[in-house]
1. Filter the trypsin sites (Lys or Arg not before Pro) in segment 139-207 to those in DSSP coil with at most 12 other Cβ atoms within 10 Å of their Cβ, and list the result.
2. Can you put S112, S17 in order, fewest other beta carbons within 10 Å first?
3. When a footprinting reagent is the concern and you count Cβ atoms within 10 Å, what order do V6, V28 take, fewest first?
4. Enumerate the lysines that K206 could reach by cross-link, defined here as Cα to Cα under 27 Å, with residues fewer than 8 away along the same chain left out.
5. So for segment 186-238, what are the equivalent ellipsoid semi-axes in whole Å, largest first, each being the square root of 5 times an eigenvalue of the Cα gyration tensor?
6. For segment 102-233, what are the per-bin percents of Cα-Cα distances with bins 10 Å wide, up to the bin holding the maximum?
7. Only counting other Cβ atoms within 10 Å, I'd like T177, T230, T189 sorted with the fewest neighbours first.
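Please treat every number below as a calculation from the coordinates, not as lab data. What you are looking at is a predicted structure, and each value in this text was computed from that prediction instead of being measured. We place every Cβ from the backbone using ideal geometry, glycine too, and count neighbours over all the protein chains shown.
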Amino acid sequence: MDLNDVFDFNYIGGYFSRNKKIYTLAIVVFFIFIMVGAMAGEDIMTDYLEDETYGDSYSSEDYFDTSIPEIELNFFKRMDSYENEESTDDYSSLFEGYNIGGFLNLFMHNFSIDLGCVLGGLLLSIPTLVMAFINGANIGAIFAYSPWIVILFGIIPHGIFEIPSSVVSLAGGFMVTLLELRILKGIFTSKTSVKEEYERSIPLIKDIIISVMIIFVLLFIAAFIETFITPVLLFLIY
């Protein structure tokens, strides 16, 4: 199998058209998960949004552990301490953790999740759907119940790359499952062989690799924005 195609821009350009049905399914499923999060997220977030002060609504460790990366949790905790005059440090400490180390940790964390989502296709996409549901439901809850100013400056700048990455990882998981089913068909039926199914699936294998490449690029950009741009935007609005 010649893998040079996965680095050919003309071949990559046909990636989405080759997988139109898979992406249609992935987008519909992920949108449903987002809607579920938007409708059911009130039970998770109401306690935080009904706090007396804006800062208090973003000072709960439980909330951030399930929706926003720890690097942003630390930022909001510091912002909350400044608003409540609990800290005597200068504002430069607000950006502690927003460095190369934080960038790499954030990128590897997000990439490992989306890669796991793709590889979850080996188990008939059951782990893939579970992880996609968690991601989609959290996104829906955040957009439905968070202040618009935080969504605009703290979520959207990197979210426009992270959210598509989640869809690509879901589609990638479906591709892996489709590949697995084809190989199983070659093993257990007499109408075809494993070799025939493998040769038939070579474009699909290449597209799985391209999916991982797309995820890598999207999450690299998202992690850069979230580490070096998002904290500045959040700092400006507080």
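1. Values: sites: R182, K185, K191, K195, R200, K206; in loops: K191.
Those that pass, being in a loop and sparsely packed, are K191.
2. Details: S112 11, S17 8.
Ranking S112, S17 by Cβ neighbours within 10 Å, fewest first, gives S17, S112.
3. Working: V6 17, V28 10.
The order, fewest Cβ neighbours first, is V28, V6.
4. K20, K21, K185, K191, K195
5. Values: eigenvalues 439, 17, 6 Å².
Each semi-axis is √(5λ); the values are 47, 9, 5 Å.
6. Reading upward from the zero bin: 13, 35, 28, 14, 7, 2, 0.
7. Details: T177 19, T230 24, T189 10.
So the ranking, lowest neighbour count to highest, is T189, T177, T230.
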